[in-house]
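To start, the structure under review is shown below, and the notes come after it.
The values are calculated or read from the model by the stated rules, or taken from the named source; none is laboratory data. Please read all numbers here as calculations on a predicted model, not as lab measurements. Ideal geometry is used to build each Cβ from the backbone, glycine not excepted, and the neighbour counts take in all protein chains shown.
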Amino acid sequence: MADAPNLTAVEEIKRTSAHLRGDLAEQLADDSPKVSSDSEQLLKFHGIYAQDNRDVRRERAQAKEELDYIFMIRVAIPGGRLTTDQWLTLDKIADEIADGTIRLTTRQAVQYHGVIKSGLQPLAQLLHSHLMTSFGACGDVVRNIVTCPGLQTDDAHGPLAMYTDHFSKTFKSQSQAHWEIFVNGERAASHEVEPERPFYGETYLPRKFKIAIAHPDENCVDVFAQDCGLIPGTHPEVGDGFTVVVGGGLGRSYAHPNTFARLADPLTFATYDEIDSVITAVIETYRDLGDRSDRRHARMKYVVDELGIDGFRNEVIARLGRDLRAPLPISLFSTDNDHLGWSELPDGNLQLGIRVGAGRVKDVDGGPTLRSALRKVAQSYPVNFYITAQ
């Protein structure tokens, strides 16, 4: 896997990017509506996908005109939790910079479509000023941490409520490239590049890496479909922590028979004090052994499948420097909570879960005005908004 001689072109782009900088600053400053193909790959690490307007693609091609280049931006929202101020900022961006819609994803993120190149920096600056970012929402890194909202609403000050933000900070890239290029708007004066996290190095991961934290009583986050799933529990000998499952994923390429969906396998039980080092060792194992010659076959689930869970565990142990505890037995989750409708929280506050069709928050001419309704709620009450994994 890691010894494959024919690395993909993306691997070389990452290696020579000076930790995700490349020529992005120069290309954002020029008059072209697009960026180079190499820069398109780097943009993904900044939460940005280069696209073109499909609605006018055919007529422009027939007229031999340049495509209508636009960008999609994904905002990483750890655990899907937003304040009213943050929601109103997202609503403002939809009108002023994007296509008028807010799109919610199953990884508790927000997406914008129809953004032109000159809007990328203003969008990033608005997000940053309200403690949000698109950095790390895409690319070959640990993606947005997905969490059952119940972990935060059941006990807002308990240990489980803190882990979403903790993991988001612990496993986010340390590169200052996003700040320099998109927020500050210029390359740093010094040519010295800050050290990246050791588990990323110069070439980051073979592909994306997904972490989800389930509620101990239900599985709205689909914890067995993650690269690394965490199930809270209490070990009879060492106390509270997480059962760690690894190697899950639903994606496959139908034209490639060596790709397939896979459920995660139980790896170990780790206490709160141990969990960071265990996840780090899992990421390092994936970094070293993941397939960098074929991006369709690059996810960690294929490493676990080919080594077997015992072989994968041995590789993790070698990087961790100590043995792994056996996982707790996993029983079926007792409920399947879609978080819809009214419910009362432990602190006495009420919660309302609403269904968002296809994840699109928008106003429909002559129909539902969901975006306006949510704006009114945010303007009227000091509530928290949670995007769920469903």
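Checking ALA18, ALA50 one by one, the residue that is assigned to a strand (DSSP E or B) and either assigned by TED's automatic domain parsing to the domain that holds THR369 or more than 30 Å from ASP154 (Cβ to Cβ) (or both) is ALA50 and no other. In the list THR268, THR280, which residue meets the criterion of being more than 19 Å from the chain's Cα centre (by Cα) and not assigned by TED's automatic domain parsing to the domain that holds GLY136? Matching residue, one of THR268, THR280: THR268. Looking across the stretch 31-59, the residues that are surrounded by 15 or more Cβ atoms within 10 Å (Cβ to Cβ) and over 22 Å from ALA18 (Cβ atoms) come down to PRO33, GLN51, ASP52.
The residue list LEU320, LEU307 contains one member that is in contact with a helix residue (DSSP H, G or I) (Cβ under 6 Å, 6 or more places away or on another chain), of a type outside the set (Val, Ile, Thr), assigned by TED's automatic domain parsing to the domain that holds ALA264 and over 24 Å from LEU90 (Cβ atoms), which is LEU320. In the stretch 169-191 there is at least one residue matching the filter, namely being touching a helix residue (DSSP H, G or I) at 6+ places or on another chain (Cβ under 9 Å), loosely packed, with under 15 Cβ neighbours inside 10 Å, over 23 Å from LYS301 (Cα atoms) and in contact (Cβ under 8 Å) with a residue 12 or more places away in the chain. Residues of the stretch 90-116 that are within 26 Å of THR147 (Cβ to Cβ), buried (at least 20 other Cβ atoms within 10 Å of the Cβ) and either β-branched (Val, Ile, Thr) or at pLDDT below 95 (or both): ILE93, ILE102, VAL110.
Within the stretch 226-247, residues that are in contact (Cβ under 8 Å) with a residue 24 or more places away in the chain reach partners that are polar (S, T, N, Q) with beta carbons closer than 6 Å, at six or more positions or on different chains, in the pairs ILE231/THR243; GLY233/THR243; VAL238/THR271; ASP240/THR234; GLY241/THR271; VAL244/THR268.
Look at (1) surrounded by 13 or more Cβ atoms within 10 Å (Cβ to Cβ); (2) at pLDDT 95 or above and you find that ALA2 fails only one, number (2). Listed by position, the helices (runs of 4 or more DSSP H) enclosed by the stretch 80-173 that each have at least 1 residues that are under 19 Å from ASN384 (Cα atoms) and among the basic types (Lys, Arg) are 84-96. Given the condition part of a loop (DSSP other than H, G, I, E, B) and among the charged types (D, E, K, R), answer yes or no: does some residue in the stretch 174-182 qualify? No, that holds for no residue.
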